[in-house]
Each structure stands twice: as structure tokens, then as C-alpha cells.
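Working notes, structure below.
The values are calculated or read from the model by the stated rules, or taken from the named source; none is laboratory data. A quick note: this is a predicted structure, and the numbers were derived from the prediction, not measured. Cβ placement follows ideal geometry from the backbone for every residue including glycine, while neighbour counts extend to all protein chains displayed. When the accessible area is computed, the model is the full protein with side chains, heavy atoms only, and any ligands, DNA or RNA have been set aside. Shrake-Rupley method; radii C 1.70, N 1.55, O 1.52, S 1.80 Å.
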2 protein chains.
Amino acid sequence: MTTATIFVCISCRRSSGDDEESSDQPGRGLVETIGARLRGDGRGGVAVTGVECLAVCTRPCTIALSGANKWTYLIGDLDPDRQVDEIVAAARSFAASENGIVPWHERPASFRKGVIARVPPLDHKELL
Amino acid sequence: MTTATIFVCISCRRSSGDDEESSDQPGRGLVETIGARLRGDGRGGVAVTGVECLAVCTRPCTIALSGANKWTYLIGDLDPDRQVDEIVAAARSFAASENGIVPWHERPASFRKGVIARVPPLDHKELL
């Protein structure tokens, strides 16, 4: 059963090489790498889906962690070559959590630094 | 029936006055103002809820528009004194939309400029 989905932005561009005109879309590879890792290691309730534009644009790679009745977290500045282990581990912690809020000390450094935003689940009520 | 919720961040601070130490939390007033507007004009399927921290922090006021089976939109840099009409109108357009994606030409200028991120609904599948 899927309890967390990693949405990976496949649209944002990253400059590549010395040529200012050169760029790639690193999210496309990241979807494939995470998918292969989940197939190899066991999904652990986690799915991955590429998305055309999470509208962040300036902080590739950008992902969102979403799940039913959970807070949604948007994380940017992720390195698709070095941080796949952290992304998959963080998604598993998120999937295992009750409400999507993973204790701060259990979050990898990339997730602490890269937070772009979070959104509560729809039934969230705050006491003001 | 509520088909859209405006989550307003009540935590982020805005400097106020000449004193660098002075700041207020404009989201707190914005929740009240939107709530009064919805009670006065009719809710139109829209609810408003204050939230302790949407984790954007640097672009007050920040809101999220959320709804079942809709894309979620995060919008920042909103002026709580001048843009309440735009916020409520945009939330009504969002509520009336099928999937949360309001046509570009129907979005107020503040929403075009202020987009921080968007996240698809959980059942979103992209053809890659």
C-alpha cells in the first residue's frame, strides 16, 4: 500500500558545462533512479511520479512528499547524483509517520536546508 | 460544501516601522479579514484556516490553496491590506475549477507573480 508519493519535478533546468546555453533537466534522471532503487530495495509504501512543473523552477532538483492525511513537504536543491539514498530514506520516514511531520533530528541535512514550503492536510484545524 | 481551503501562514514576520527590531505577523490579521469577507459575501465553497508555519518564512503573507482532488498552490508576497479581494476571488475561481488549475488570464496579478510552488493531487499520473 502506498502511503507516500515522491513527486519529482522533471521540468526545471540546470546549467551544465561551461557553455551558458547548455542545460539539462536533472529531474528526469532522478525519477528513473529513485524508481529503480524502490524496485530493488522494496517500495516500503513509497511511490515516485514525475511531474511537469512544480512551479519552483530555480531550485532543481525539486520534489514534493505527499500522502493521504499528511502534511505535504516541498524540498529543493537536491543533488540527483549524490542524494538518492537520502531522498528514499526521507520518503520512507515520511511514509511511516502518522501525519507527515518527521522529527527534525531524523531528517537528512539536505531536507533540513532545502525546505521550500509545507502544506497541512485538508482537515487541518488550528487553534488560534 | 467546502471545495477550497485557504491556509494562511500566521507565523511569518514582517518588519514594521523604522525600528529594525519591530515586526508583526500580518497573517494573523489576514485570517480574520478573509473570514469576515466570506461570512459577509457568502462562502462560495471557500473556507479559511490559519496555520502555524507554511515554512516559506521570507515572503509574507503566504497562503496555500488546497482542495480535494485538486492541485495545491502556494502563493507569497500578498498584501493583507490591499489584496483581500484578489485572494477571495482567486480562491473562488480555484474552488470552481475541476482540478485547481485556473486559466492564467483569470488569475490576479498577485497570484501570477507570487507563485512559490504547486503540488499535484495524490492520484496524479504523468505520461513521461
Exercise for the section: Take segment B:81-96 and flag every residue that is open to solvent by less than 20 Å² (accessible area, probe 1.4 Å), touching a residue at least 40 places away in the same chain (Cβ under 8 Å) and more than 8 Å from the chain's Cα centre (by Cα). Expected result: B:Val84, B:Val88, B:Phe94, B:Ala95
Fill in the blank from the handout: With criteria (1) open to solvent by less than 10 Å² (accessible area, probe 1.4 Å); (2) under 17 Å from A:Leu122 (Cα atoms), B:Trp71 comes up short on (1)
Fill in the blank from the handout: Residue set A:Gly50, A:Gly35, A:Gly114; condition closer than 28 Å to B:Val31 by Cα and either at pLDDT 95 or above or touching a Pro at 6+ places or on another chain (Cβ under 9 Å) (or both); output residue A:Gly114
Exercise for the section: Please state which one of A:Asp85, A:Asp41, A:Asp24, A:Asp18 is touching a Ser or Thr at 6+ places or on another chain (Cβ under 9 Å) and either over 28 Å from B:Ala68 (Cβ atoms) or modelled with pLDDT under 95 (or both). Expected result: A:Asp24
